[in-house]
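Colleague: Just dropping this structure here.
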Ligand SMILES: [Fe+2]
């Protein structure tokens, strides 16, 4: 099975890139399933019902969240009706689920959303939470396990990879919005510390430059905004899983608004 994972989609520029390119990419690479992170999809903060409908109609199959999952209140009523999850290690009574299981070619495929510690909201220990969840999934004979680890610290993401690479199909880092160049397949696990944002590539982590710069110069706050116009990018990892849930092929595809696409193959350890 061939899947794709799109990292943080930041605002309308991301939605526009997904709208413009995803159906062609699905067709060109014969993708069976597309996962994407929704937490910044509606003007940088959260996800509205309207934007969710829109993104699913462009060829995304399910979406993961993070620390901004609950920024738009629409989502409180959406988990039952839409293929959406939020980090599994939110406190027990938090709305929504942290794992989504779908069926592809007769195999159960689990997508698990997890959130890190450093600079994040107060959540349960992500490392204990994911070990317990993998145990639960394996008890159901689920071998295809894909994790979106939404975390700020590169070290936390490296630790998770070292802990789990023989256990899961893929670990994709999200949240920093800056893509890292360490895409690798090791022990059948596809890993990258951060996939990188989709949206404006010439702002500051997808946002207009003005407020972040003035915040650094003055320590005054301000509301981050999505630029009206920008150079944009759509970034995704495309990966193949075998019948045992092992990753056998992976590459990163970067599609730009104004130049030719770039493909980077994963290192194979
Ligand atoms: Fe985030």
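The values are calculated or read from the model by the stated rules, or taken from the named source; none is laboratory data. What you see is a predicted model; the values in this text were computed from it and never measured. As a convention, Cβ positions derive from the backbone with ideal geometry for all residues, glycine included, and neighbour counts pool all protein chains shown.
Colleague: Can residue 149 be described as within 14 Å of the ligand (Cβ to nearest atom) and either outside any loop (DSSP other than H, G, I, E, B) or more than 14 Å from the chain's Cα centre (by Cα) (or both)? Walk me through how you get there before you give the answer.
Modeller: Values: within 14 Å of the ligand (Cβ to nearest atom): yes; either outside any loop (DSSP other than H, G, I, E, B) or more than 14 Å from the chain's Cα centre (by Cα) (or both): yes.
Yes: the conditions hold for residue 149.
Colleague: Would you pick out the residues in the range 233-269 that are assigned to a loop (DSSP other than H, G, I, E, B) and crowded, with 16+ Cβ neighbours inside 10 Å? Explain how you work it out, then say what you get.
Modeller: Going through the range 233-269, the residues assigned to a loop (DSSP other than H, G, I, E, B) turn out to be 242-246, 257-261, 266, 269.
Selection gives 245, 246, 257, 266.
Colleague: Considering only the range 17-45, how many residues are at positive phi and crowded, with 21+ Cβ neighbours inside 10 Å?
Modeller: Matching residues across the range 17-45 total 1.
Residue by residue, here is whether (1) more than 16 Å from the ligand (Cβ to nearest atom); (2) in a loop (DSSP other than H, G, I, E, B); (3) buried (at least 17 other Cβ atoms within 10 Å of the Cβ); (4) at pLDDT 95 or above holds:
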site	(1), (2), (3), (4)
110	yes, no, yes, yes
113	no, no, yes, yes
128	yes, no, no, yes
131	yes, no, no, yes
135	yes, no, no, yes
142	yes, yes, yes, yes
145	yes, no, yes, yes
155	yes, no, no, yes
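Colleague: With (1) under 30 Å from residue 228 (Cβ atoms); (2) part of a loop (DSSP other than H, G, I, E, B); (3) in contact with a strand residue (DSSP E or B) (Cβ under 9 Å, 6 or more places away or on another chain) as the list, and residue 178 as the residue in question, which single condition is left unmet?
Modeller: In the conditions (1) under 30 Å from residue 228 (Cβ atoms); (2) part of a loop (DSSP other than H, G, I, E, B); (3) in contact with a strand residue (DSSP E or B) (Cβ under 9 Å, 6 or more places away or on another chain), residue 178 misses (3) alone.
Table: residues versus (1) under 20 Å from residue 253 (Cα atoms); (2) more than 14 Å from the ligand (Cβ to nearest atom); (3) modelled with pLDDT under 95; (4) exposed (fewer than 15 other Cβ atoms within 10 Å of the Cβ).
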position	(1), (2), (3), (4)
166	no, yes, no, yes
171	yes, yes, no, no
175	yes, no, no, no
181	yes, yes, no, yes
184	yes, yes, no, no
210	no, yes, yes, yes
216	no, yes, yes, yes
221	no, yes, yes, yes
224	no, no, yes, no
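Colleague: Being more than 16 Å from the ligand (Cβ to nearest atom), in contact (Cβ under 8 Å) with a residue 40 or more places away in the chain, outside any loop (DSSP other than H, G, I, E, B) and surrounded by 15 or more Cβ atoms within 10 Å (Cβ to Cβ) is true for just one of 190, 230. Which residue is that?
Modeller: Within the list 190, 230, the selection yields 190.
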